[in-house]
Amino acid sequence: MNPKIKFLAEQFPCREKELEQLESLFSENSQILPESVFIYGQPATGKTSVTCEYLKTTGFQLVHISCIECYTSRLLLDQILGSLVPSESPVKCDNFMDLVHQLKVARGQGFFKERSHVLVLDGVEHLLNLSDVVIQFFAKLQELTSIYSLSVVFISRVIPEKFNVSPTVVVHFPQYSKDDLAKIFKIFKPSDINDELYSTYISSALTVFLRTTRDVMEMKNLILKNVDKYVEPVIRGDSAPSDVLLLWRLVTPHLRASLNSAYLGITLEDEPSTVGNDPELITHKRLKAFDLPYYAKYFLIASYLASYNSPKHDRRLFMKNHGKQRKQAKKEKAKSKVSELLGPKAFSLDRLLAIFYAIMEEKASLTVNLMSQIASLVELRLLAKMGDGNIDNPKFKCLAGFDCVAAVADTLGFNVRKYLLD
Amino acid sequence: MDSTVSVSRGCFAFPATVKGKKAKANSPLNFDSEGWYRGFKDVWDNNIKQLDNVEGGVIETLMQDLTSYISSSTENDTQIPAAAILTGINLPDHGSLFSRLKSRLHNEGIASGVAILRSTDCITVKNTVERCISHLMESPLDSEDEFDEEEERQIDLKRSQCTLPNLSKWVENLNSRSPSPSKKKKTNLQRSNQKKLVVILRDFETFNPNTLSAFIQILSGYQPKLPFILVFGIATTLSAIDEVLPHSSISRLSLKAFQAQPSVYFLNNTLNKVFLTPDCPFQLSGKLFKFFTQVFLFYDFSVNRFIQGVKYCVMEHYRVGGTPTSLLCCPEALLKGRVDQLAHDDIEHIRRLGSFRSYVESTKDKQKQIKLLSDDTFTKKEILKLMTELRLRIKEFYLALSLLHHIVAQLPQYPLGKQLRELYAVAMSKDIWVTAEYKECKQLLGFLSKDELVEKTKSMIDILVESGDSSLMKDEEKQLKNLLIAVEDAGVSKVTRSPMKSPMKNLTPVKSRSELRQKVVELGIGKKSKTAYELAREDLLNYVMDEMVPAKLRSFTQAPLWEIVTLVESEARYRVVPRIRAPIHTALNNPAHYLMCECCKIVDDDEILPSMPDLCIAYKLHLESGSLINMYDWLQSFNVLVSGKQAEDEEDIDLKIQARFTQAVSEMEFLGFVKSSKKKADHVARLTWGGSTT
């Protein structure tokens, strides 16, 4: 193996196979490159970094384009041309044929002779929004421009079958296994911790984290954040470094806690001085509760009731003299369970207003402000407006869950369960 | 039209000359010359300043936290620092919060660019990026208002140029222009000092999830080069973030949550510091005040709307009151000069006020009565005297109110409410000391321990001392001090005040068991002896609750000339919280109500006159029909009404009338009252007010 590759393999553990594949495709100093290579795999499996590092170390001229930011073809083409053919004047490239033409002109000037160029299109699935043929075009770029020292590498999370292209070679970057991850995280070992302790920590941390995330970068952050907690008992002398079980028991709560916040993506600081402006700490409960204007609360409850009760029960639920309840309890029970699982049903504005007035004790006249409450609930994603264009009888759906509605109802002293059929 | 210098014939485009000052051209009415408007403007401008201060004070801590977070954040390679501000539900008020943040970041030199994005501007990724970058690259000197200068900015910054590569060039330029002394140390140390690019998303929940996650991923791609910081304004809960964004985007953010003060807190602050003070030239009547707070609590939580509502009422108050009001309803210091300015007409105006008249009638002195009604100079003096008295009374009122608030605000169950505003609403609308809640408060206060009572009384005295005006309520202060000493000295030894009656005396035969029980209870009470402390407490409470408060907390709406300073509820209810259906119905059913023309006046609601607008006639006719309307019948009755004669068949109808009818119907359709029906040919379906919902 080439010493350069060996160095890379050390840098990226568990990617030897992929590196070998790349080496066979892009061997050093080769003038004729494969037309296109398709690399795919899960996020954070090292697709981009391995490929780019490899191409850089082996001396290829690398052009890396992140496709997600190319929301117009103009942006894409300008960037490609600008970095393939550097020039003084600002580049202008209107369409694909123009790109081919300008590349041909550049070839005539001897641009691609000395070094081989590789165009890396990262996140190529985003290009599908532009037009269907973009990817076909790049797959055939060598043929169109007849520059054989120019190759295109597609990097994607999506399997190649989803695209209408037949690239020359497909390289798959598989998901890291637990052992692979353990190997990777050894690289990030802080210098002041001994090897054995660190490796036991890694294995116990991975068992906790692996269930929720496989994203290497995220896991790295989590692992490095909690390593001190693991080492702490050893330093204080509470536990021997070899007592894995005790250490495991001590560190798990910390790991779980940081996992929770990681899932939400929010770091809740421990020091009270930095948290918010309120004297009281922002607890989880506080973060979950939110305040709505009085009528908006009732609207939310009414919409929940309208979504989860069938209209035929409205009379029984909301009218004072609703007559006797028929005994169909068994059948109904089975049905209502199903309806719970089916999720919210759409309801009309009329029904919402009727339920609203039925559950409200005081009278509120139907003013513009009252109607705007519904609109603001829709804005807050607590209600969803169904369909469009139906002005005279719009339909809505309640998106809030039971817990949220029950919490809101609690602040009003209103019992939601009483009005739910289950 | 300008002539051209060209010799050839052809079309020439004349670019429209840009109007220099839009605002002047736009203002339809100029009130500046009118007296009432000047008075209003003086008062309101002063108010705006105070409101601004209060608002700044309320969000000060949040601002400090945010700016320190933004300036200190050190970005790592993969994650964008992001601040999630839990702003609470109302969105209109948040505009000022974010624009304050923006100007602060600019002023303190933390950010080189701040972009405020609203979801309505950011439908696609392209829109979002372009808007964001054009905001970032605009110079901070531009006006803050993002609505007006939209067009002007477009001229020097083309949409297509707003791309991230251009932005990174711009930032490089910016950094190279500012000479940095330690250019060699291009390490993290310098990076953290680098000026940030702050992107504020005002209404996070309404953003399109796909757009937003793509936007975040694009930004994170540039994170190594450009120091982006995101700020989210979240109205509901933090969980909204993971509902909107996929995990792949969230993992690119390092979020931190901040909590803004709830808007109720903001409202209380505003009220206590700006409106509910004796220094405020105008006072809100109890009913009006209650109405506005209810709108706030029940509908929108928007302090901004609250202030706008009050502003409307103040303006209306000045407009209706005319010159005398605008002169007299002013800060106390100006009062004397203003009274001298009163003209004869103004004094006549004041004489017609209800409270002034009853004041005149109540004066015993006949001579004085006549003088008050005829002698202007004498009346002026009297007005000045009355106004000063009124101001004094308002001051006393607020002082007493704050005393009362102090002692009842912490009682269990809050019989009179926790907030000063709740007390104010009650005290303004009726005599608070006769209410049941007040009595309950007194009862609860009777259970206070010595320490609590002493503490409360001491702080009451402090309030009185701090009120600044030493002459105000001096006697009460003295009295309180005496009572306090009595309470402090009182021991807990038992003393009985009234000589005990012999229980034997009223031992009458009891007839039933309940009667017996009642008697026993009565006897128990009578026997209970009181300690000296209890007696002193009783004295103190009796004085405070039964003498001081009723004497001082009289609503000043009974004083003469109260109309000058108090805003009363007029039409405000319908202006501030408009109804939906009623105005449209009135306009169409009775056009004279709004048009104020003689020709359309009707006595009966069902009456239809040919002089009414066609739309009204068509509307009134359609009210008479069921859920489906036959077009031919409708046209017939329209024709009869307009032309006054019955048409035999279709050809008989004048084409002009038919055209008018068609126009009216299409207008009705446009307004959403009818729509064409598929059920029956030549019929339209009625959509509102009793029409079925088919």
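Given their separation in residues at 0.36 nm each and the Cα-Cα distance between them, B:Q161 and B:D604 gain 152.9 nm when the chain is fully extended. Put a dot 7 Å past the Cα of A:A354, heading toward its Cβ, do the same for B:E108, and the two dots end up 5.6 nm apart. Peptides A:187-196, A:76-85 ranked from most to least packed by the mean count of surrounding Cβ atoms within 10 Å: A:76-85, A:187-196.
Looking at segment A:82-188, which GluC sites (Glu not before Pro) are DSSP coil and have at most 16 other C-beta atoms within 10 Å of their C-beta?
Details: sites: A:E88, A:E114, A:E125, A:E143, A:E161; in loops: A:E88, A:E114.
Taking segment A:82-188 and a limit of 16 other Cβ atoms within 10 Å, the loop GluC sites (Glu not before Pro) found are A:E88, A:E114.
What is the calculated FRET efficiency for B:Y265 to A:L412, with r their C-beta to C-beta distance and R₀ = 22 Å, to the nearest 0.05? With a Förster radius of 22 Å, E is 0.60.
Under the definition of partner shielding as Cβ atoms of other protein chains within 10 Å of a residue Cβ, what is the mean value for peptide B:163-176?
Numbers: counts 8, 3, 5, 0, 0, 0, 0, 0, 0, 0, 0, 0, 0, 0.
Going residue by residue through B:163-176 and averaging, the value is 1.
Measuring gaps between exposed loop sites in chain A (trypsin sites (Lys or Arg not before Pro); DSSP loop; at most 10 other Cβ atoms within 10 Å), the longest gap, sites not included, is A:1-210.
If the viscosity is 1.567 mPa s and the temperature 4 °C, what Stokes-Einstein diffusion coefficient in µm²/s follows for chain A when Rh is the Kirkwood radius over Cα pairs? Let's see the in-between values first.
Numbers: Rh = 27.6 Å.
My calculation gives 47 µm²/s for D.
Take peptide B:578-588, look around each residue's Cβ out to 10 angstrom, count Cβ atoms belonging to other protein chains, and average those counts.
On the way: counts 3, 6, 7, 3, 3, 1, 0, 0, 0, 0, 0.
For peptide B:578-588, the averaged partner shielding equals 2.
Relative intensity of segment B:581-686 on a log10 scale, I(q)/I(0) at q = 0.17, 0.22, 0.24 Å⁻¹, equals -0.80, -1.27, -1.43, per a Debye sum over C-alpha point scatterers of equal strength in the absence of solvent. If R0 is 30 Å, the Cβ-Cβ spacing of A:V368 and B:Q558 corresponds to a FRET efficiency of close to 0.25.
Dipole size in debye (nearest 20) for segment B:581-686 around its Cα centre, Lys and Arg Cβ +1, Asp and Glu Cβ -1? Walk me through the numbers on the way to the answer.
Details: 11 positive and 17 negative charges, 119 e Å.
Once rounded to the nearest 20, the dipole reads 560 debye.
Counting, for every residue in B:251-264, the Cβ atoms of other protein chains within 10 Å of its Cβ and taking the mean gives 5. Fully extending the segment from B:D652 to B:S168 would add 166.6 nm, taking 0.36 nm per residue of separation and subtracting the current Cα-Cα distance. Under a model in which nothing but the beta-carbon of Lys, Arg (+1) and Asp, Glu (-1) is charged, segment A:3-173 shows a dipole of about 160 debye around its Cα centre. Take the Cα of B:K474, step 7 Å toward its Cβ, do the same at A:N29, and the gap between the two points is 10.7 nm.
In this model, which of B:K430/B:K450; A:K395/B:K290; A:K363/A:K385; B:K620/B:K645 are farther than 24 Å apart at the alpha-carbon? Show your work: numbers first, answer last.
Working: B:K430/B:K450 32 Å; A:K395/B:K290 34 Å; A:K363/A:K385 26 Å; B:K620/B:K645 19 Å.
Over 24 Å apart, Cα to Cα: B:K430/B:K450; A:K395/B:K290; A:K363/A:K385.
Note the full-extension length gain between B:Q50 and B:Q294 as 0.36 nm times their separation in residues minus their Cα-Cα distance, in nm to one decimal.
Values: separation 244, 0.36 × 244 = 87.84 nm, distance 2.31 nm.
In short, 85.5 nm is gained.
Across segment A:33-173 the C-alpha pair distances fall into 5 Å bins from zero in the proportions 2, 10, 21, 25, 22, 14, 6, 1, 0 percent.
Over 19 Å between Cα atoms: which of A:K6/A:K56; B:K273/B:K418; B:K273/B:K458 fall into that group?
On the way: A:K6/A:K56 14 Å; B:K273/B:K418 17 Å; B:K273/B:K458 23 Å.
From the list (A:K6/A:K56; B:K273/B:K418; B:K273/B:K458), the Cα-Cα distance tops 19 Å for B:K273/B:K458.
Spacing of the modelled spin labels on A:M217 and A:A257, each 7 Å from Cα toward Cβ, amounts to 2.7 nm. Look at A:S49, A:S348, B:S220 and count the other Cβ atoms within 10 Å of each Cβ; fewest to most, that gives A:S49, A:S348, B:S220. Taking every DSSP helix (H) stretch of at least 4 residues in chain A, weighting each as -39,500 (n - 2.57) and dividing the sum by the residue count yields a mean residue ellipticity at 222 nm of -15000 deg cm²/dmol.
Can you compute the label reach from A:I187? Point 7 Å from Cα along the Cβ direction, backbone N cut-off under 16 Å, restricted to segment A:27-55. Output list for this probe position: A:44-55. Taking every Cα-Cα distance in segment B:267-564 and sorting them into 10 Å bins starting at zero, the pair-distance distribution P(r) comes out as 5, 21, 25, 21, 14, 8, 4, 1 percent.
For A:E114 and B:S72, the FRET efficiency from 1/(1 + (r/R0)^6), where r spans their Cβ atoms and R0 equals 60 Å, is about 0.80. Projecting the Cα atoms of A:F173, A:S149, A:F299 onto the charge dipole of chain A, computed from C-beta unit charges around the Cα centre, puts A:F299 farthest toward the positive end. Of the chymotrypsin sites (Phe, Trp or Tyr not before Pro) found in segment B:399-488, those in coil by DSSP whose Cβ has at most 13 other Cβ atoms within 10 Å are B:F447.
Read-outs: derived from the displayed coordinates by stated rules, not from any lab. The structure displayed is predicted, hence computed values, not measured ones. Using ideal geometry, Cβ is built from the backbone for each residue, glycine included, and neighbour counts are taken over all protein chains shown.
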